[in-house]
Amino acid sequence: MIQIMSVHFDNFIPHWRTQQEVIAYNILVLVTEGKVRYRINGEDVIAERGDFMYIPQSTLRCGETLPGCPHQKYTALFTLEPGSGTGIPFLDQKRFLRFRLANFQYAQRRFERLYEEMRGSESFRSFICLGIAQELIGILSRELEKPEMTPIKMQYAQIVRHYVLEHYREPIEIEQLARLIHRSPNYTTALFKEVFGQPPIRYMHQLRLLEACNLLLDSDMTIAGISQYLGYYDSSYFFRIFKKYSAMTPAEYIARGRQSELTPLFS
């Protein structure tokens with residue numbers, strides 16, 4: 001059984017440092033910006049943006065900010081019931097892990113939600129926090145089971161992803177993305193999904209709708225204007241897409257504000 005002790009967000013803390021000690025708890029770490037140095041059982045480890053780490057109980061650990069390189073990171077401290085197996089190999093083996101997640105942005109949002117819930121006082125907070133922590137552990141476990149990605153596959157996937165990031169407000173077709181890497185549309189879709197967990201066109205919609213959420217709450221643009229801005233020239237199609245991925249209409253999202261739970265959008 002997992003017992004969450006605390007969750008922290010280190011936001012560019014100047015001269016951050018933690019003393020060397022044998023820790024009496026387990027730690028999940030997600031670095032979201034910059035780099036940070038750890039010393040784990042006598043060995044130096046440099047963790048940077050996108051790195052997800054598991055530091056097991058009884059590890060000799062210390063850490064510090066690199067000179068001139070402030071960082072952001074989430075850390076979740078938790079304990080496990082003594083003498084009981086979890087069925088999660090890396091937890092049961094009690095071994096340090098550093099891993100680069102394919103779907104880093106989703107993990108970052110879940111850590112953010114976990115941090116917010118731990119700081120709040122709403123009902124059923126402990127159940128929600130436990131569920132999010134178990135999900136993060138499950139994500140890491142699933143990533144570790146995947147076969148190692150060849151460098152050329154990762155390169156192709158990154159080329160496609162970079163193009164979508166740069167052009168997501170424009171019309172994008174899978175045939176167009178396939179031409180970037182001189183492969184078939186089916187191969188391109190399967191490759192992108194293997195690396196990033198979703199097809200490239202769904203990823204495009206995710207980027208658009210993430211921006212739509214920000215614009216709906218933090219701008220004076222109309223819903224129709226946001227639809228046009230994000231490349232949905234038919235407002236009714238924008239409504240359908242938004243509801244499909246968020247389980248609510250744009251107007252309902254505005255009404256609920258920042259308390260809206262958008263997990264369906266990112267699953």
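Points to keep in mind about this one:
- Cα-centre dipole for segment 2-145 with unit charges at Cβ (Lys and Arg positive, Asp and Glu negative), debye to 20: 180
- Accessible area in the full protein assembly, largest first, 1.4 Å probe, for R179, R202, R169: R179, R169, R202
- Rolling a 1.4 Å probe across the protein heavy atoms gives segment 56-138 an accessible surface of 52 Å² per residue.
- Only helices enter this figure: runs of n ≥ 4 DSSP H residues, each worth -39500 (n - 2.57), summed and divided by the residues of the chain, yield -15000 deg cm²/dmol at 222 nm to the nearest 500.
- The separation of segment 71-131 from segment 203-247, counted between C-alpha centres, amounts to 31 Å.
- Low-density loop cleavage sites - trypsin sites (Lys or Arg not before Pro) in segment 31-123, where at most 15 other Cβ are within 10 Å (DSSP): K94, R95
- Dipole magnitude of segment 151-256, debye to nearest 20 (Cβ charges: Lys/Arg +1, Asp/Glu -1, about Cα centre): 400
- Pairs of Cα atoms nearer than 8 Å and 6+ residues apart set the relative contact order; for segment 2-145 it is 29 percent.
- Straight-distance crosslink candidates among lysines, where the alpha carbon sits under 23 Å from K153 and sequence neighbours closer than 8 are dropped: K193
- Span-rule helices in the chain, defined as complete DSSP H runs reaching 15 Å or more along the axis (Cα) with Kyte mean at least 0.5: 125-145
- Carbon/sulfur fraction of accessible area - segment 151-256, other protein chains in place, 1.4 Å, %: 55
- Magnitude of the charge dipole, the chain, Cβ model with Lys/Arg +1 and Asp/Glu -1, debye to 20: 300
- Relative to the current alpha-carbon distance between E175 and S235, full extension at 0.36 nm per residue lengthens the span by 19.1 nm.
- The aspartates and glutamates within cross-link reach of K146, meaning a Cα-to-Cα straight distance under 16 Å and a gap of 8 or more places when in the same chain, are E194.
- Under the criterion of Cα pairs below 8 Å and six or more residues apart, the relative contact order for segment 1-64 equals 41 percent.
- Measuring nothing but how far apart in sequence close Cα pairs (under 8 Å, 6+ apart) lie, relative to its length, the chain scores a relative contact order of 14 percent.
- In terms of the mean number of neighbouring beta-carbon atoms within 10 Å, the peptides 191-200, 81-90 order highest first as 191-200, 81-90.
- For the pair F127 and I201, the difference between a 0.36 nm per residue extended length and the Cα-Cα distance amounts to 23.2 nm.
The values are calculated or read from the model by the stated rules, or taken from the named source; none is laboratory data. Just so it is clear, the structure is predicted and the values come from calculations on it, not from any experiment. Cβ sites come from the backbone with ideal geometry, for glycine too, and all protein chains shown count toward neighbours. In case anyone asks, the SASA skips ligands and DNA or RNA and just uses the protein heavy atoms, side chains included. Shrake-Rupley method; radii C 1.70, N 1.55, O 1.52, S 1.80 Å.
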